[in-house]
1. How do 325-336, 181-192 rank on mean C-beta neighbours within 10 Å, highest first?
2. What's the center-to-center distance, using Cα atoms, between the range 12-43 and the range 202-244 in Å?
3. Can you compute the radius of gyration and Dmax for the range 144-245, using only the Cα atoms, both in Å?
4. Per residue, how much space in cubic angstrom lies within the convex hull of the C-alpha atoms of the chain?
5. Working out 0.36 nm times the residue gap between residue 51 and residue 170, then minus their Cα-Cα distance, what length gain in nm do you get to one decimal?
6. Modelling each spin label as a point 7 Å along the Cα-to-Cβ direction, I'd like the residue 281/residue 146 distance in nm, to one decimal.
7. Would you mind estimating how fast the range 85-174 diffuses translationally, via Stokes-Einstein at 4 °C and 1.567 mPa s with the Kirkwood radius over Cα pairs, in µm²/s?
8. What distance in nm separates the simple spin-label points at residue 93 and residue 274, each placed 7 Å from Cα in the Cβ direction?
């Protein structure tokens, strides 16, 4: 196993922060931030093992846990309000600490709540899922998704600290962990052929994949900290549309995971046929969907809706070859041509 231990400084539009990458670093959180002389709120999700929250609480003199409810009550602005009310009940003030321990939903809701509560309190981001860890340094908006695809509520503000412990995703279901690899695959196809080879191994080395993915994202952010790199949006418009229509969300208990939506979207923007065959073979090996049939009319409607509020055109990153990509601005007519239903009965 290619274990890595590193500390590097991340820069983006909301400032900068240290990222710690090390197995077992969560159990040593007190060495990187003060957990003894202030109140600490540990914000977790319904799927986060209680033992992980216990590791953090054991390092605090005055700590408490806020667990986001499952389903829609813990998503979006409802999740942010839930965290804000919990911080208020627990009596946190400026100078205290919020620890976001969980997946991307927890990171977004806790991050936005910490940024606006009492003018802002310190946040330590501790992603515990493969998806959240592989997205840890992409310079994303700190916030939550709204109902309209591509529309988010949040702020560009860096956490005080990001702790990435590669051992944490070992507790999540295998299917969700495999779906998290989609964000490594996005980087592999556009930036790093060696990363693609690691993903294609008989037994993918998560530690090495995580290391290379975060290093590539740091390099992209260092080039232009004030703007999110275009490759980090590769496939995302179509992935958001698929998630809106077919994602495992709300009352829809059987549907696509976010990573599965992104994998299908990456297939849609891969122009090179040989690379597309390689991508589909990898998806089958990882247990991810290699092909899917969806209602093109509904997906087209969702994409046109996103294009409408982005100024009438949709920015799409197309993969022309391994490590090669180009940015295209698709007008509504071009989007219609690409997603025109083959038959009126297509589903």
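1. 181-192, 325-336
2. Result: 22 Å between the Cα centres.
3. Calculated on Cα positions, Rg and Dmax stand at 15.0, 40 Å.
4. That works out to 127 Å³ per residue.
5. Full extension of this stretch gives 41.5 nm more.
6. Simple spin-label model gives 4.5 nm for this pair.
7. Value of D from the Cα-based Kirkwood radius: 95 µm²/s.
8. 6.6 nm
Throughout, read-outs are computed from the coordinates displayed, never taken from laboratory work. Not measured: the values here are computed from a predicted model. Ideal geometry is used to build each Cβ from the backbone, glycine not excepted, and the neighbour counts take in all protein chains shown.
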